[in-house]
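Encoded as structure tokens, the structure appears first; notes follow it.
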Amino acid sequence: MKITSAQVFVGGPGKNYVTLKIMTDQGVYGLGDATLNNRETLPAAYLQDYLIPALIGMDPRRSEDIWQFFYRGAYFRRGPIAMAAYGAIDMALWDIKGKIAGLPCYDLFGGKSRNGAMVYAHATGADLEDLMDSVQHFVDDGYKAVRVQCGIPGMPSASYAVPEEKGSSTEYMTNFSGIRPKVETWDTGKYMRYMPQALADIRERFGPDLHILHDVHHRLTPREAAAFAKDVEPVDLYWLEDPTVADDQDALKLIRQHSTTPIAIGEVFNSIWDCNKLIENELIDFIRVAATYGGGITQLKRIIDLAGLHHVRTGFHGAPSHSPISMAAQYHLNAWAPNFGIQEYLVLGTPECDALFPHDHLMENGMVYVSDAPGLGVDFDESEATKYSYSAGSHPVVRLQDGTLWNY
Ligand code: GCO
Ligand code: MG
């Protein structure tokens with residue numbers, strides 16, 4: 001069996017999805033997702049200029065060897081751009097593997113460990129009252145877990161994932177459009193004084209059963225993060241996400257030494273080498289590396305197995321920038337992983353997105369039920385794809401009030 005050609009498509013409804021389609025001499029094809037939010041043309045070029053020419057003629061069944069070939073063969077290892085490109089190839093090869101075997105990918109990993117996988121929704125509000133309405137909306141919809149973010153009184157500009165105006169909070173998505181980054185202003189003191197009580201109010205209002213998650217989005221120093229994690233202990237969060245940047249991983253120890261609040265990290269990681277020490281030292285509770293820029297299924301399976309040895313559960317990144325293809329790769333891993341925790345969920349549901357990526361993965365009452373179709377169970381409609389083209393976007397930058405650049 002041989003790979004005969006491969007093509008990259010960039011575009012989608014409101015998102016620049018980077019979709020890879022690998023064709024074989026037996027008519028079976030595989031799909032992968034290389035979307036790297038706001039840097040989408042780079043993994044597309046990496047695939048087109050370097051990887052696809054080398055792929056032609058390879059045996060698609062040898063996904064492990066192909067992964068090693070590109071990873072070791074590049075000489076310059078890791079990095080989100082390269083790993084997104086390898087990840088897309090890897091997903092497409094698992095998709096082909098499943099289609100040849102006539103089995104859904106989860107069966108190739110070891111079969112289902114659960115009927116459905118719990119997901120969490122994003123509730124947000126311009127202020128706390130607005131956020132409460134948003135949480136109520138998702139609870140009414142059957143969600144068992146909700147991430148909560150809200151505006152902070154007196155904060156100079158809306159903080160991470162928070163709308164400026166009240167009332168639109170259940171469909172709110174960060175607007176990344178425009179090549180020049182927008183600038184947000186951040187005040188750590190105001191956040192740290194307000195947010196713990198807001199989280200306590202949400203717990204009080206919704207009771208003990210709702211899983212409440214909160215994303216700090218790298219905004220605190222390790223000491224501040226330790227103090228915050230300790231402060232919110234009575235709220236019994238499901239997790240506190242990215243409480244500090246993970247560039248200095250030893251700093252995570254400080255948070256552990258001071259609190260028992262579960263910590264989730266890893267959405268910006270792209271290798272097992274970014275998280276092996278955090279896992280082995282049991283400094284985190286959930287690992288969030290994405291199938292897309294984490295190097296695909298082959299790499300994520302290794303991370304899942306390592307995490308399982310250290311009581312770390314999965315909580316894969318599922319921001320809307322991931323296409324239904326990489327989300328499906330994660331659904332298959334979630335169905336199998338003995339140490340599955342939760343899945344972030346935003347991508348499915350719009351009619352335009354479903355038309356571009358037909359599938360029958362099912363989301364119901366806050367649970368995802370993975371499709372039983374062979375492979376990843378997602379298709380790609382090329383005629384739909386002609387409706388979309390690339391449009392440049394950018395992450396905002398964050399400054400403190402005196403102008404110092406901070407972490408988005
Ligand atoms: C999350 C993330 C995202 C990121 C986005 C950046 O938890 O879903 O923090 O919202 O900000 O993926 O590209
Ligand atoms: Mg996050």
Identify, please: which residue in the stretch 291-340 is among the basic types (Lys, Arg) and within 20 Å of residue 86 (Cα to Cα) and is, among those, surrounded by the fewest Cβ atoms within 10 Å (Cβ to Cβ)?
-> 302
Counted residues in the stretch 216-244 being touching a Pro at 6+ places or on another chain (Cβ under 9 Å) and either in a loop (DSSP other than H, G, I, E, B) or within 13 Å of ligand 1 (Cβ to nearest atom) (or both) come to 12
Looking across the stretch 189-224 at residues that are β-branched (Val, Ile, Thr) and closer than 29 Å to residue 248 by Cα, the single one that is nearest to ligand 2 (Cβ to nearest atom) is 216
Out of curiosity, is residue 377 in contact with a Ser or Thr (Cβ under 6 Å, 6 or more places away or on another chain), closer than 26 Å to residue 94 by Cα and in contact (Cβ under 8 Å) with a residue 12 or more places away in the chain?
-> yes
For residue 298, are the conditions met, namely being within 16 Å of ligand 2 (Cβ to nearest atom), in contact with a helix residue (DSSP H, G or I) (Cβ under 7 Å, 6 or more places away or on another chain) and among the polar types (S, T, N, Q)?
-> no
Pick out the one residue from 282, 382, 364, 352 that is of a type in the set (Asp, Glu), free of Cβ contacts under 8 Å to residues at least 40 places away in the same chain and away from ligand 1 (no atom under 16 Å from the Cβ).
-> 282
Screening 356, 300, 333, 346 for residues that are assigned by TED's automatic domain parsing to the domain that holds residue 177 and in contact with an Asp or Glu (Cβ under 6 Å, 6 or more places away or on another chain) leaves only 356
Residues in the stretch 155-168: is at least one in a loop (DSSP other than H, G, I, E, B), surrounded by 19 or more Cβ atoms within 10 Å (Cβ to Cβ), within 16 Å of ligand 2 (Cβ to nearest atom) and not aliphatic (A, V, I, L, M)?
-> yes
In the stretch 125-154, which residues are over 17 Å from residue 366 (Cα atoms) and not in a loop (DSSP other than H, G, I, E, B)?
-> 125, 128, 129, 130, 131, 132, 133, 149, 150
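Matching residues to (1) modelled with pLDDT of 95 or more; (2) not hydroxyl-bearing (Ser, Thr, Tyr):
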| site | (1), (2) |
| --- | --- |
| 320 | no, yes |
| 329 | yes, yes |
| 335 | yes, yes |
| 351 | no, yes |
| 357 | yes, yes |
| 361 | yes, yes |
| 371 | yes, no |
| 376 | yes, yes |
| 384 | yes, yes |
Tell me, please, whether a residue that is touching a Phe, Trp or Tyr at 6+ places or on another chain (Cβ under 8 Å) and either aromatic (Phe, Trp, Tyr) or outside the structural domain of residue 253 (by TED's automatic domain parsing) (or both) can be found in the stretch 322-329.
-> no
Selection from the stretch 325-343 of residues out of contact with any strand residue (DSSP E or B) (no Cβ under 6 Å at 6 or more places or on another chain) and either more than 16 Å from ligand 2 (Cβ to nearest atom) or within 19 Å of residue 141 (Cα to Cα) (or both) yields 329, 332, 333, 335, 336, 338
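Here is a yes/no grid of residues against (1) in a helix (DSSP H, G or I); (2) at positive phi; (3) free of Cβ contacts under 8 Å to residues at least 60 places away in the same chain:
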site	(1), (2), (3)
57	no, yes, yes
60	no, no, yes
65	yes, no, yes
69	yes, no, yes
76	no, no, yes
84	yes, no, no
88	yes, no, no
93	yes, no, no
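Here's the yes/no breakdown for (1) under 26 Å from residue 39 (Cα atoms); (2) away from ligand 1 (no atom under 16 Å from the Cβ); (3) in a strand (DSSP E or B):
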site: 301; (1), (2), (3): yes, yes, no
site: 307; (1), (2), (3): no, yes, no
site: 325; (1), (2), (3): yes, yes, no
site: 346; (1), (2), (3): yes, no, no
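The values are calculated or read from the model by the stated rules, or taken from the named source; none is laboratory data. None of these values were measured; they are calculated from a predicted model. Positions of Cβ are backbone-derived with ideal geometry, glycine not excepted, and every protein chain shown enters the neighbour counts.
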